[in-house]
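See structure below.
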Amino acid sequence: MALFDLPLEELRSYRPERHEPDDFDAFWKRTLDEAARSAPDAEFLPVDAALTAVDVFDTTFSGWGGHPISAWLVVPRGAEGPVPCVVQYIGYGGGRGLPHDHLVWAATGRAVLVVDTRGQGAVGRNSAGSTPDPHGGGNPQAPGFMTRGILDPEAYYYRRVFTDAVRAVDVAAAHPAVDAARVYVAGGSQGGGIATAAAGLHPGVAAALIDVPFLSHFRRALTLTDRDPYQEIVLFLATQRGTDDDVFTTLSYFDGLNFAARATAPALYSVALMDQVCPPSTVFASYNHWSGSTKDISVYPWNGHEGGSAEHRATQLRWLRDLEAQR
């Protein structure tokens, strides 16, 4: 592994042109309005997780199309008054796992809602998910999720995922133990891409923690890295010749650059300069387009897609503590 992208001084100012369809806002307004016609119908079932410092709820709510989405809600036991809540989205292929995997935020006095990604959760021995995706696209697809429905924005897989993510913010904010004015979104890799979309689509997001985000600056990523999951789209284009225009039109509705340009909440990003999964220029492109004035990015020069790992979690804890102290 070696440095393969732009030098850091160029990355810090890298702000490429965005490819945004004219009806981007109308598309997402219609999508979210359709979802809002039915209530989230959130259920919070208490779970005996053998944890004495937190209360755990096996949570289900209605996402895109009314489909049930699973999550864990972990709340500090005995907290006085509503607490902030981190809505945590998951990396590619993973699931919500088990409640004891998600105790860091509760240890800070915050709740956490850990949201399954529909159709995923079968990669990694400790990251099982329990949320199917009943709705699929009609076109051929490469292995994985990146090309599911990719010839039509209406059918594309991430339309459903991003809608689920926005609904999750509403679910967290509505819980009586949660302070609705302090709901944050967080995630790494795919989770970072989902958090970017949620922050750009939901005006109630109070802060965003975006780590080595995936689903950003597709046009550059597909020609810069040969690593999955971006490579799934390359394989599709290599066999489904002549679909380029349709593919890139669809992806323009789901590109993190376009969501970042609409996100106004304070944000903390992280990037790794040896990351061949989510190249650093794609991360800086999202960060530099983020429209909120309060933002920072942690740079890990010698790391790959693992980013700053546990060290960066400590940075997040301090950053969020300081942000809350300013309010």
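The values are calculated or read from the model by the stated rules, or taken from the named source; none is laboratory data. Fair warning: this is a prediction, and the values are worked out from it, not measured in the lab. Cβ coordinates were reconstructed from backbone atoms using ideal geometry, including for glycine residues, and neighbour counts include every protein chain displayed. The accessibility values were calculated without ligands, DNA or RNA, using every heavy atom of the protein model including side chains. Shrake-Rupley method; radii C 1.70, N 1.55, O 1.52, S 1.80 Å.
Rounded to the nearest 5, what % of the DSSP beta bridges within the chain are antiparallel ones?
Counting DSSP beta bridges with both partners in the chain, the antiparallel share is about 45 percent.
Per residue of the chain, what 222 nm ellipticity follows from adding -39500 (n - 2.57) for every DSSP H run with n ≥ 4, rounded to the nearest 500?
-10000 deg cm²/dmol
List the residue ranges in the chain for DSSP H helices whose C-alpha atoms run 30 angstrom or more along the long axis and whose Kyte-Doolittle average is 0.0 or above. Intermediate values should be presented prior to the final figure.
On the way: long enough: none.
Correct list, ordered by number: empty.
Find the relative contact order for the range 59-125 and round it to a whole percent, using C-alpha pairs within less than 8 Å whose residues are 6+ positions apart. Please report the intermediate quantities before stating the final value.
On the way: 112 pairs, mean separation 26.6, N = 67.
This gives 40 percent for the range 59-125.
Given an 8 Å cut-off on Cα distances and at least 6 residues of separation, report the relative contact order of the range 246-320 as a percent.
36 percent
Given a 1.4 angstrom probe, what's the average accessible area per residue across the chain, in square angstrom?
That works out to 41 Å² per residue.
State, as an integer percentage, the relative contact order of the range 149-248 based on alpha-carbon contacts under 8 Å between residues 6 or more apart. Could you put the intermediate results ahead of the total?
Working: 114 pairs, mean separation 23.5, N = 100.
It rounds to 24 percent for the range 149-248.
Students often check this: by mean Cβ neighbours within 10 Å, which of 232-245, 146-159 ranks highest, and how do the rest follow?
Sorting 232-245, 146-159 by mean packing, highest first, produces 146-159, 232-245.
Considering only the other residues whose Cβ falls under 11 Å of the Cβ of Pro99, what net charge follows from Lys and Arg at +1 and Asp and Glu at -1?
Summing Lys and Arg as +1 and Asp and Glu as -1 gives -3.
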